[in-house]
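Working notes, structure below.
The values are calculated or read from the model by the stated rules, or taken from the named source; none is laboratory data. What you see is a predicted model; the values in this text were computed from it and never measured. Glycine gets a Cβ as well: all are built from the backbone with ideal geometry, and neighbour counts include every protein chain shown.
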Amino acid sequence: MTLTRPPVYAPPPGADRLSRIRFVPGVTRSTAGRSCHLLLAHDPLWWRDDAGVVSQDMLGIASGLGLTPSWRPSRHLVRRGYLVEGKVLLDYGHETLVLHGPVDQSWYELAVACGFIRLSVGLDPVPDDEGTDATVYMAAAREQGRMWAGITTVRVAVPREGQ
């Protein structure tokens, strides 16, 4: 594993940079039972994308969420995740934006029951290879020191009328 000293802070990316962030929900099984996991990763690079900018954006999301490099113990985060039927919303430190992505009903129900989500943010884009699944991507990112992680509590948000 490459243990590089990452910058302590990167600014959270704006709306123009969020459209290609993948939300990959999963379920982790351990002796303590089942819990929800959520991987955030950037889509494969396009010809006009810059890998350095993508990594900086993902680091901005990871630091905004309060995550730590995955080679350190996971910690509970101050920022919370919110669940709205069919979606998870994350406060990633931007003044006016939240990250949001779809989740299926069974994942949503387990997250509500658990009260927390294990979060991981990969600093590199997902390979442009359909054979690479989330588990393989996460293992490679951890091995290279390119994964940040933490645990956040979740609350169920009730949408306002008319929204």
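Being of a type outside the set (Val, Ile, Thr), surrounded by fewer than 16 Cβ atoms within 10 Å (Cβ to Cβ), on the phi > 0 side of the Ramachandran plot and without any contact (Cβ under 8 Å) to a residue 12 or more places away in the chain is a property that residue 52 lacks. Based on what the data block shows, is residue 41 part of a helix (DSSP H, G or I) and at pLDDT 90 or above? Spelling it out, it is not the case that residue 41 is part of a helix (DSSP H, G or I) and at pLDDT 90 or above. Condition first: charged (D, E, K, R) and touching a residue at least 40 places away in the same chain (Cβ under 8 Å). Now tell me which residues in region 130-145 satisfy that. Within region 130-145, 142, 143 meet the criteria. Test residue 77 against the criterion of being under 23 Å from residue 145 (Cα atoms), modelled with pLDDT of 90 or more and surrounded by 16 or more Cβ atoms within 10 Å (Cβ to Cβ), and give yes or no. When the stated conditions are applied, residue 77 does not pass them.
Within region 92-128, count every residue that is over 25 Å from residue 60 (Cβ atoms) and free of Cβ contacts under 8 Å to residues at least 40 places away in the same chain. Spell out how you get there, then give the answer.
Taking region 92-128 and keeping what is over 25 Å from residue 60 (Cβ atoms), we get 104-110, 112-115.
Filter once more, so that each one left must be free of Cβ contacts under 8 Å to residues at least 40 places away in the same chain: 105-106, 108-109, 113, 115.
Here the count works out to 6.
Condition test on residue 137, is it under 16 Å from the mean Cα position of the chain (by Cα) and either part of a loop (DSSP other than H, G, I, E, B) or over 21 Å from residue 13 (Cα atoms) (or both)? Against the criterion (under 16 Å from the mean Cα position of the chain (by Cα) and either part of a loop (DSSP other than H, G, I, E, B) or over 21 Å from residue 13 (Cα atoms) (or both)), residue 137 qualifies. Restricting attention to region 94-133, the residues that are outside any helix (DSSP H, G or I), among the aliphatic types (A, V, I, L, M), modelled with pLDDT of 90 or more and over 18 Å from residue 64 (Cβ atoms) total 1. On inspection, residue 17 fails the criterion of being surrounded by fewer than 19 Cβ atoms within 10 Å (Cβ to Cβ) and at pLDDT below 85.
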